Amino acid sequence: MFSSTLPCTRTTPWSLPALPRWLRPTQELRIDVQSPSATPQSDELESLYKRLHRRRDALFGASVLALPLPGLRVYCREADGEFYLYVEDVQAQCLAGYTVFNRLVEVDRRADALVRAPHSKYAKSYQRHGIATALYRWALGHGVCLLSGARQSPAAHALWHKLAQDDRLFHVAVHHKRLHYLGPQVSPDVLDDLHTRLLLLGQGWDLERFAGATQMQGVELMSLAPG
C-alpha cells in the first residue's frame, strides 16, 4: 500500500515476479478524439510557473523528483492524498505541463487507499517526449495502482499499453464503488461500457494481493484460465 505521505525524492525498489503472460491485454478500450482540454492554455502554465517560484505560495518549496528527464525539473506536491507533479523547462524558464494523480469518488475506501486516476496536460511542444511516461512510472514504482478514466485519448491509450509491457494491465469494472475483475479480454459490449476501465498494478502488488486488499470480485475465476 502506498502512503499519502509518499516521499517525493526517492524510489522504492521492488523485485516481484510479473503476472502470468495470459494477463496481457489484446483488446482496446474506447478511444475518443483528443480533447482540447488536454492541452493547457499558456496563461495557465505561466500562472503555475510563477506560483512555483513565489515565496509564501502553497506551491513554493515543493519537493523535486530525481527523474531521467534531461533539462526538466519535476516538482511534487501532495494534498489530501492527491499528487500534483509540475514539469519545469529549466533553460526556457517555463512550465512544460503537469500530471495529477487524483482520488476517485466512484470507488470505496479500500480501493481509494490504493488507486489513483492520472490526468496530464502538456504544452504541444512537450507532448510525445516521454514526460508523462516517466511520471506514471514514478507513481507505479512507489506502489500506486493506476485506474483509467471511462474514455481515453489515443495518446493516453498508447501510454497505458506501453506501461503494460510488464504484464500488469487488465480490465476491471466499477459498480457501486466496488471493483470487478474482467480479465485481459472482454466482449465488444463490455468494452464499450463506461464502467469498464484499465488497471495498472503498482510495484509490490500482484493480482491476488490487490484483490484481497480491495475486495475486488471475480479474481477467483483466474484459476479457470490457461497459464
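The values are calculated or read from the model by the stated rules, or taken from the named source; none is laboratory data. Everything numeric in this text was worked out from a predicted model, so none of it was measured. Glycine gets a Cβ as well: all are built from the backbone with ideal geometry, and neighbour counts include every protein chain shown.
Structure data summary
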{"item": "Residues that are closer than 19 Å to Y122 by Cβ and assigned to a loop (DSSP other than H, G, I, E, B), drawn from segment 52-84", "result": "L59, A62, L67, P68, L69, P70, G71"}
{"item": "Filtered residues of segment 85-122 (kept if assigned to a loop (DSSP other than H, G, I, E, B) and either closer than 20 Å to S47 by Cα or not aliphatic (A, V, I, L, M) (or both))", "result": "V90, Q91, A92, Q93, R103, E106, D108"}
{"item": "Any hit, segment 157-173, residues being surrounded by fewer than 21 Cβ atoms within 10 Å (Cβ to Cβ), more than 21 Å from P68 (Cα to Cα) and free of Cβ contacts under 8 Å to residues at least 40 places away in the same chain", "result": "yes"}
{"item": "Subset of segment 137-157 (residues that are closer than 21 Å to L114 by Cα, part of a loop (DSSP other than H, G, I, E, B) and small (G, A, S))", "result": "G143, S148, G149, A150"}
{"item": "Qualifying position, being more than 30 Å from A66 (Cβ to Cβ), crowded, with 16+ Cβ neighbours inside 10 Å and touching a Phe, Trp or Tyr at 6+ places or on another chain (Cβ under 9 Å), among A132, A211", "result": "A211"}
{"item": "Residue ranges of strands (runs of 3 or more DSSP E) in segment 168-218 with at least 1 members modelled with pLDDT under 95 and within 17 Å of the chain's Cα centre (by Cα)", "result": "169-175, 196-200"}
{"item": "The one condition in (1) closer than 18 Å to L48 by Cα; (2) modelled with pLDDT of 95 or more that V107 fails to fulfil", "result": "(1)"}
{"item": "Residue in segment 190-207 that is of a type in the set (V, I, T) and under 26 Å from V100 (Cβ atoms) present", "result": "yes"}
